[in-house]
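Asker: Structure incoming, see below.
The values are calculated or read from the model by the stated rules, or taken from the named source; none is laboratory data. Because the structure is a prediction, the values reported are computed rather than measured. We place every Cβ from the backbone using ideal geometry, glycine too, and count neighbours over all the protein chains shown.
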Amino acid sequence: MTRRVARRRDGADHPLAATFRRNAAGFHEAAEAALPRHPEATRYFLAIAIELALKAHLLHRGVSDDWNRAYLRHDLSKALRFARRAGFNGAPAALPELAALLGPYYQVHAISQMSPEAIASVCWSQACTTVRDLIDAVVEPAGFDASDHEGAA
């Protein structure tokens, strides 16, 4: 059964979408900074950045934060699926696999319990690039202005 996506009567919540996008970029930066010494933190920060970036797109498209919180929660694959239904087509090719790997652990706050095999199956510096590409892809279609595009060259 497909759930309908609740939309706000007055349209999208652009300020909240911009905040989610900025926070996604901040968690991405933290993930890159943590990579050399704290790889577990990197994995956790990347999962947060994915969630926030996808929800930024949904907020911009008129999906309410309450709906996101109630129905998507921390499910990264589900968030990607709903973002695509809401018109997002800029997901990096590696994102579905990364979301599927991190999602089950992230949903139950158990990133620290990822198996060594799961951890070794990913190049985490490339995962950081994938998440940066996601954030960049969310920015352009959502129409965030340049001041919301921190760290861009």
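Asker: Answer yes or no: is there a residue in the stretch 93-100 that is closer than 14 Å to Arg132 by Cβ, under 15 Å from the mean Cα position of the chain (by Cα), touching a residue at least 12 places away in the same chain (Cβ under 8 Å) and surrounded by fewer than 18 Cβ atoms within 10 Å (Cβ to Cβ).
Answerer: Yes, there is a match, as at least one residue in the stretch 93-100 is closer than 14 Å to Arg132 by Cβ, under 15 Å from the mean Cα position of the chain (by Cα), touching a residue at least 12 places away in the same chain (Cβ under 8 Å) and surrounded by fewer than 18 Cβ atoms within 10 Å (Cβ to Cβ).
Asker: What are the pairs with Cβ atoms under 6 angstrom where one residue, in the stretch 124-153, is hydroxyl-bearing (Ser, Thr, Tyr) and the other, located anywhere, is at pLDDT below 55 and buried (at least 16 other Cβ atoms within 10 Å of the Cβ)? Sequence gap at least six, or different chains.
Answerer: Pairs found: none.
Asker: Still on this structure, I have one more. So, in the stretch 79-92, of the ones that are in a helix (DSSP H, G or I) and in contact (Cβ under 8 Å) with a residue 24 or more places away in the chain, which residue ends up nearest to Thr129 (Cα to Cα)?
Answerer: The qualifying residue nearest to Thr129 (Cα to Cα) is Leu80.
Asker: Going by the structure shown, is Tyr71 of a type in the set (Phe, Trp, Tyr), surrounded by fewer than 18 Cβ atoms within 10 Å (Cβ to Cβ), part of a helix (DSSP H, G or I) and out of contact with any strand residue (DSSP E or B) (no Cβ under 7 Å at 6 or more places or on another chain)? So that I can check it myself, show each step before the final result.
Answerer: On the way: of a type in the set (Phe, Trp, Tyr): yes; surrounded by fewer than 18 Cβ atoms within 10 Å (Cβ to Cβ): yes; part of a helix (DSSP H, G or I): yes; out of contact with any strand residue (DSSP E or B) (no Cβ under 7 Å at 6 or more places or on another chain): yes.
Considered against the rule, which asks whether it is of a type in the set (Phe, Trp, Tyr), surrounded by fewer than 18 Cβ atoms within 10 Å (Cβ to Cβ), part of a helix (DSSP H, G or I) and out of contact with any strand residue (DSSP E or B) (no Cβ under 7 Å at 6 or more places or on another chain), Tyr71 comes out as yes.
Asker: Here's another thing I want to ask about it. Within the stretch 7-53, which residues are over 20 Å from Cys123 (Cβ atoms), charged (D, E, K, R) and more than 12 Å from the chain's Cα centre (by Cα)?
Answerer: Within the stretch 7-53, Arg7, Arg8, Arg9, Asp10, Asp13 meet the criteria.
Asker: If I filter the stretch 102-121 down to residues being within 14 Å of Pro39 (Cβ to Cβ) and aliphatic (A, V, I, L, M), which single residue comes out as surrounded by the fewest Cβ atoms within 10 Å (Cβ to Cβ)?
Answerer: Within the stretch 102-121, the match that is surrounded by the fewest Cβ atoms within 10 Å (Cβ to Cβ) is Ala120.
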